[in-house]
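Notes follow once the structure below has been shown.
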Amino acid sequence: MTVPNEPLVFKELFKNTHGVTLEERDAPWTTEEIRAVDKVLAMLPAAFVSDNINLQSIVRQHLYQGDYEGAPGGGMYQEVAGPDQKQDYIVLYDKAFVDEEGSQNIGVLATTLIHELSHSLDDEKSEPYQEWLKLSGWFMLEDGQWLPSYDLGFVNPYSRGHPKEDFAESFTAYVLQPDKLRIASPQKYMFMEQFFKEQS
């Protein structure tokens, strides 16, 4: 049975639970999508979600408007400095909810959403992020390229290009595939274990 305005009710419940607003651009939120996002966020400590001052909303949009190499696939974290406070948000595109065959897949959503959410935690001025930079000795070349001073292991090739992507991919692996992170980099696994412990 379909309930009139069911997504609206679920959006309000979602905001009460997570402290995050669900907004729409050119795609409406469905009840199934809201339930799936709720299930993923419930995997994380409140400090990363409802108590996270850097995350205001999650926006639903069909497709990324633009096409270039490395363009966002399933989602994107957007930092916007407002007049009084940051108004940062995550955008979730259609690809965040389906696998390559076009079937609904919460695993794809979890990977996308947790990765993008972790970018709300990589504030360059924060003590944890400064510790993260020191962990691999990340430094920037004159051309803006980032390199690690020493290779402590990476969970995938994407994480090798920038310390923030290394952080995001390691954070995501810690939540969804902890053994993969532990094997790829015991030091990064221990960092994430301590980081999560401090927020729980």
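Identify all residues within segment 107-163 that are farther than 23 Å from Asn54 by Cα and aromatic (Phe, Trp, Tyr); write none if there are none. Within segment 107-163, Trp138, Phe139, Trp146, Tyr150, Phe154, Tyr158 qualify. The residue of segment 7-55 that is farthest from Ala110 (Cα to Cα), among those that are crowded, with 20+ Cβ neighbours inside 10 Å and free of Cβ contacts under 8 Å to residues at least 40 places away in the same chain, is Phe10.
Tell me, please, whether a residue that is charged (D, E, K, R), in the same structural domain as Thr21 (by TED's automatic domain parsing) and either in contact with a His (Cβ under 8 Å, 6 or more places away or on another chain) or at pLDDT 95 or above (or both) can be found in segment 95-114. Looking for residues that are charged (D, E, K, R), in the same structural domain as Thr21 (by TED's automatic domain parsing) and either in contact with a His (Cβ under 8 Å, 6 or more places away or on another chain) or at pLDDT 95 or above (or both), one finds none in segment 95-114, hence no. For segment 123-140, the candidate set comprises residues that are part of a loop (DSSP other than H, G, I, E, B) and within 19 Å of the chain's Cα centre (by Cα); within that set, the residue that is nearest to Gln78 (Cα to Cα) is Asp123.
If the condition is being in a helix (DSSP H, G or I) and among the small types (Gly, Ala, Ser), then segment 15-62 contributes Ala36, Ala46, Ala47.
For Gly144, state whether it is under 21 Å from Glu79 (Cβ atoms) and in a loop (DSSP other than H, G, I, E, B). Yes: the conditions hold for Gly144. Restricting attention to segment 162-181, the residues that are in a helix (DSSP H, G or I), farther than 17 Å from Phe139 by Cα and without any contact (Cβ under 8 Å) to a residue 40 or more places away in the chain add up to 7.
Answer with yes or no whether Lys95 is assigned to a loop (DSSP other than H, G, I, E, B) and either touching a residue at least 24 places away in the same chain (Cβ under 8 Å) or not aliphatic (A, V, I, L, M) (or both). No. Note on segment 60-94: among residues that are under 19 Å from Glu23 (Cβ atoms) and among the hydroxyl-bearing types (Ser, Thr, Tyr), the one that is modelled with the lowest pLDDT is Tyr64.
The values are calculated or read from the model by the stated rules, or taken from the named source; none is laboratory data. Quick caveat, the model's predicted, so the values are computed rather than measured. Virtual Cβ from ideal backbone geometry, glycine too; neighbours counted across all protein chains shown.
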